[in-house]
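Novice: Input: one structure, supplied below.
The values are calculated or read from the model by the stated rules, or taken from the named source; none is laboratory data. None of these values were measured; they are calculated from a predicted model. Neighbour counts run over all protein chains shown; Cβ positions are idealised from the backbone, glycine included. With ligands, DNA and RNA removed, areas are computed over all heavy atoms of the protein, side chains included. Shrake-Rupley method; radii C 1.70, N 1.55, O 1.52, S 1.80 Å.
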Amino acid sequence: MEKFSLDREWKFFNGDIKIPETGTHTDYYMASKAGGARGAASPDFDKSNWETVNIPHDWAVYNKFEEKWGPSQGYKARGKGWYSKRFRLDESDRGKQILIEFEGISTYSAIYLNGSVIGRNFCGYNSFTVDATDMAVYGEDINDLVVFVDATAVEGWWYEGAGIYRHVNLYKKNQLHIAHWGVFVHPEKKSADVWDAITETTIENTSYETKEFILKSYILDAENNVVGKDEKSFTVDGGDTAEIRQNILTYSPLLWDIDTPNLYRMVSELYEGETLTDKQVNTFGFRTIEIDPDNGFFLNGRRVPLYGTCNHQDHAGVGVAVPDSVNEYRIKLLKEMG
C-alpha cells in the first residue's frame, strides 16, 4: 500500500454553479453516459479562475458576519461550494485499487472523477472513502477530481463550518491487499503477565482469480523488538474478502496509562508466495477498562474520576479546519486541567 496526501493546491468556488439547460436528444444521451457530467463536475469546465486553496479548508469562516445567520452558526453564511483537484497516476498503477479518503466534509457532498459520480456522503462528521479505480486514467492523462459540497443542511446547534475541513488522502493498493481500515487489534488480559493481542484482519482480492496468501502479523515495542507474532495461510476468491483472526500472545507488556501512554505497533504483512503485496502498521496499547455502576470508571484496575468539557471541534478564528498543532495544544490544555 502507498499513501499520498491530496491536501495541496485545490481550486475552489464559493457558491453554486447551475447545470446548463439540456434540450436536445444528444444532450440527454451524452449526459447519461460515464464521464458525461455537465457543468462544474465536467473535466471540460474551465476552473482556471477559481481560488487556489489548501485542504483542510472552511470557507464559512471567511464569510462576513451577518446577524440573520444567528449565533449557532457563528453569524456566518454557509451555502454551497465546489472543489477541484487535478493529478496524474503512473502507468504502473494501472490494475491497482485506487482509493480516495476524505477525513471530513461539511456537510452533504458528491464526489466526481473524470465526469462520473464515484461517491456521496451525507454527514459532516464521518470519514469515508470512494473507490476511484474504474474511473481513473493513467500516464500522461490527467485525473479531474471534483467535490460538490452542500453545507445548507444543519446537523447541530453549534458552528459547523463548510467545506473539505479535514485531510484528503490517496491510496494505491495491489489487487491482493489488506482492506482499508481492515485491521482491528483488541488486547485481552489473560493472566497477571500474559496478554492476547487479538487481531482481526480483512483481506481483499480485487482480481478475478483465486489467490493464496500468507498473513504475517507481529508486534513491535518502542525499541523495535518483536514481542509477539503469528502467521496464517489462507485462500480468497476473486472479488471476495477473507476475515482472519489471530491470537498473538505477549508477555508483561508495558501498559497504556494516562501519564505513561505506552504504545506498541502491530505490523501486518501480506505475502503472495514470496512476494510482499501489502503492509500496514497500526498503533495500539495494552490496558483494561471497567465501568462499575457503583464505583465508576477503572483503568488498569485503578479508579479514575472522569471530568469533561463542552469542547466543540471548531477553534476561534479558525473555524472547523483546525490545524493538527492547534488540536495538540488543546489536548495539552485539557490534560493540564485534569
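Novice: Could you tell me what percent of the accessible area of the range 207-338 is made up of carbon and sulfur, with a 1.4 Å probe and every protein chain present?
Specialist: Working: 4420 of 8650 Å².
With neighbouring chains kept in place, the figure for the range 207-338 is 51 percent.
Novice: Quick one: grab the alpha carbon gyration tensor of the chain, order the square roots of its eigenvalues as a ≥ b ≥ c, and give me rounded if a/c is under 1.5, else prolate or oblate depending on whether a/b is larger than b/c.
Specialist: Numbers: a/c = 2.64, a/b = 1.26, b/c = 2.08.
Here the chain falls in the oblate category.
Novice: Another one. How many Å² of accessible area per residue for the chain, probe 1.4 Å?
Specialist: 56
Novice: For the range 196-251, which chymotrypsin sites (Phe, Trp or Tyr not before Pro) are in a loop by DSSP, counting at most 12 other Cβ atoms within 10 Å? All intermediate terms of the calculation are to be shown ahead of the outcome.
Specialist: On the way: sites: TYR208, PHE213, TYR218, PHE234, TYR251; in loops: TYR208.
Passing sites in the range 196-251 are TYR208.
Novice: Quick one: grab the alpha carbon gyration tensor of the range 1-137, order the square roots of its eigenvalues as a ≥ b ≥ c, and give me rounded if a/c is under 1.5, else prolate or oblate depending on whether a/b is larger than b/c.
Specialist: On the way: a/c = 2.02, a/b = 1.29, b/c = 1.57.
In terms of gyration-tensor shape, oblate.
Novice: Collect residues whose amide H, placed 1.01 Å from N in the peptide plane, falls under 5 Å from the amide H of ASP240; neighbours closer than 5 in sequence don't count.
Specialist: ASN205
Novice: I want the local charge near TYR159. Using Cβ-Cβ distances under 11 Å, sum +1 for each Lys or Arg and -1 for each Asp or Glu among the other residues.
Specialist: Values: positive: LYS76, ARG78; negative: ASP58, GLU160, ASP314.
The answer is -1.
Novice: Now a separate question. Would you kindly derive the ³J(HN,Hα) couplings of the range 203-220 from the backbone phi angles with the Karplus curve 6.51 cos²θ - 1.76 cosθ + 1.60 (θ = phi - 60°), listing them in order in whole Hz, with x for Gly and Pro?
Specialist: Result, rounded to whole Hz: 9, 10, 10, 8, 7, 9, 10, 5, 10, 9, 8, 10, 9, 10, 10, 8, 9, 10.
Novice: Counting only protein heavy atoms and using a 1.4 Å probe, what share of the accessible area of the range 41-140 belongs to carbon plus sulfur, as a whole percent?
Specialist: 48
Novice: Keeping all protein chains in place and using 1.4 angstrom, which order do SER72, SER116 fall into by accessible surface area, from largest down? Don't skip to the end; give the middle numbers.
Specialist: Values: SER72 55, SER116 10 Å².
Solvent-accessible surface, decreasing: SER72, SER116.
Novice: For the range 56-192, what is the relative contact order in percent, using Cα pairs closer than 8 Å and at least 6 residues apart in sequence?
Specialist: Worked out over the range 56-192, it gives 35 percent.
Novice: Something else: Between GLU66 and LYS18, what FRET efficiency follows from the Cβ-Cβ distance if R0 is 22 Å, with the result rounded to 0.05? Show your work: numbers first, answer last.
Specialist: Working: r = 24 Å, r/R0 = 1.08.
Here the calculated transfer efficiency is 0.40.
Novice: Using mean Cβ contacts within 10 Å as the protection proxy, how do 160-166, 260-266 order, highest first?
Specialist: Details: 160-166: 28.0, 260-266: 15.0.
Highest mean packing first, the order is 160-166, 260-266.
Novice: On a full-extension model of 0.36 nm per residue, what is the gain between GLU209 and TYR307, subtracting their alpha-carbon distance, rounded to one decimal in nm? Show your work: numbers first, answer last.
Specialist: Working: separation 98, 0.36 × 98 = 35.28 nm, distance 5.35 nm.
Length difference between fully extended and current span is 29.9 nm.
Novice: Return, ordered by residue number, the residues of the range 262-284 whose backbone nitrogen is under 14 Å from a label point located 7 Å along Cα→Cβ of LYS216.
Specialist: Zone members listed by number: 267-280.
Novice: Which value in nm describes the separation of the simple spin-label points at GLU274 and PHE4, placed 7 Å from the Cα toward the beta carbon?
Specialist: Those two pseudo-labels are separated by 3.1 nm.
Novice: Helix 324-337 against the longest principal axis of the chain: what's the angle in degrees, Cα atoms only, rounded to the nearest 10?
Specialist: On a 0 to 90 degree scale, this one is about 50.
Novice: Which one of THR26, THR129, THR152 has the biggest mean-square fluctuation once the chain is modelled by GNM with Cα springs under 10 Å?
Specialist: It is THR26.
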